[in-house]
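Notes follow the structure.
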Amino acid sequence: MDYYGKVLKNSADLKSNACVPPAKPIPAFIRQALKKVHPEVTARYYGCGLVVPECLEGCRILDLGSGSGRDCYMLSQLVGEKGHITGIDMTEEQLDVARTYVDYHAKEFGYKKPNVSFVQGYIEALTEAGLEKSSFDIIISNCVVNLSPDKKRVLAEAYSVLKDGGELYFSDVYSSGRLTEEIKNHKVLWGECLGGALWWKDLLQLAEEVGFSPPRLVAASVLSVDNKELQDILGDFKFVSATYRLFKVPKGNTQPRRVIYNGSITGVEDSFQFDCRYTFKVDNVVEVDGELAAILTQSRFAEDFTFQPPGEPCGAEPKAGLVDPFELVLQLKKQSPGSATGGCCSTRSAACCK
């Protein structure tokens with residue numbers, strides 16, 4: 001896309017706040033990993049947040065719309081030398097920056113050979129770009145799916161290249177309703193991650209059609225445009241950035257289970273926030289809903305939990321899944337009047353929080 005290859009030269013050229021990273025504290029080990037990324041790679045980064053799922057050691061990860069490669073090089077350190085990161089992007093200028101520093105980062109990280117590679121291609125056509133089916137443990141995406149005109153195809157391709165038990169963990173911009181053709185066809189709004197925003201309810205339907213488990217909402221934040229000309233075109237539509245987890249696990253077993261987090265995941269040893277409804281404290285027994293039980297038992301998290309046999313509830317009913325990001329924002333505002341910075345949500349003039 002010319003907007004990201006030729007119009008934007010650095011993040012200061014953005015016309016709205018939709019693709020500005022959040023001002024949220026980043027865990028120390030991730031901050032340290034980001035510091036080792038080459039400055040030019042970071043300067044050409046246009047993502048709308050920091051997308052870092054948990055339990056990454058040794059994983060094969062695919063970054064959709066990897067751009068200049070900032071997230072790929074950060075994740076390279078978290079998966080370790082035995083893991084691998086693949087970035088796919090359609091923009092030649094961005095890939096040129098990313099590929100320039102492959103050997104630099106391998107040397108910087110002390111690896112015998114690079115564990116990062118980049119592929120030119122479209123996120124709607126992953127297998128056509130040479131990516132093998134059932135070959136990735138995790139797929140991440142950072143404010144990129146909204147740039148695709150065929151979002152169902154993106155989800156279908158992601159499902160195809162994920163291993164059984166694999167996860168699509170992604171942040172993106174969502175709208176309060178289906179956008180008008182005028183908004184969808186506005187070049188700047190599209191390039192700024194707004195014109196292509198999916199109505200959040202359509203995500204639920206598309207995920208089900210493709211075969212994913214129901215989306216688990218991790219985080220949400222209100223998005224303010226702070227550009228009067230663009231806001232006038234957008235009218236009453238509201239936008240949030242949100243992070244969802246979608247898993248490729250068999251359906252059918254929806255029985256609640258009692259689980260105990262073992263504290264074995266790097267960076268979240270004491271407390272692991274899985275989504276906006278479930279935070280697991282080490283050694284505590286938690287009753288989870290059947291969908292989450294299926295995810296935990298059949299994904300990379302299986303070894304990080306102890307699963308008790310199905311039986312009597314442990315006291316509290318499993319929490320119902322919340323999928324509406326606008327509702328999450330409202331709930332947290334009520335909990336903290338005048339502020340929505342608690343929990344897994346924030347209100348700010350920027351996009352995607354993680």
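Where a number appears in this text, it was derived from the coordinates with a stated rule and is not lab data. It should be emphasised that the depicted structure is a prediction, and the values quoted were computed from it without experimental measurement.
3J(HN,Hα) couplings calculated from phi for the stretch 256-269 with the Karplus curve 6.51 cos²θ - 1.76 cosθ + 1.60 (θ = phi - 60°) are, in sequence order, x, 9, 9, 10, 10, 6, 8, x, 9, 8, 4, x, 9, 5 Hz; Gly and Pro show x. If the segment from Leu204 to Asp270 were pulled out straight at 0.36 nm per residue, it would be longer than the present Cα-Cα gap by 20.6 nm. Rounded, prolate or oblate: pick one for the stretch 28-248, where a ≥ b ≥ c are the square roots of the eigenvalues of its C-alpha gyration tensor, a/c under 1.5 means rounded, and failing that, prolate if a/b is larger than b/c, else oblate. Here the stretch 28-248 falls in the prolate category.
Residues whose amide H lies under 5 Å from that of Gly166, counting only those 5 or more places away or on a different chain, are Lys248; hydrogens are built 1.01 Å from N in the peptide plane. When only alpha carbons are used to place a centre, the stretch 186-256 and the stretch 29-83 end up 22 Å from one another.
Note on the stretch 143-301: Rg/Rh from C-alpha atoms, Kirkwood Rh, equals 1.03.
Rounded to whole numbers, the Karplus 3J(HN,Hα) couplings from phi for the stretch 76-83 are 3, 6, 7, 7, x, 5, 7, x Hz, using 6.51 cos²θ - 1.76 cosθ + 1.60 with θ = phi - 60°, and x at Gly and Pro.
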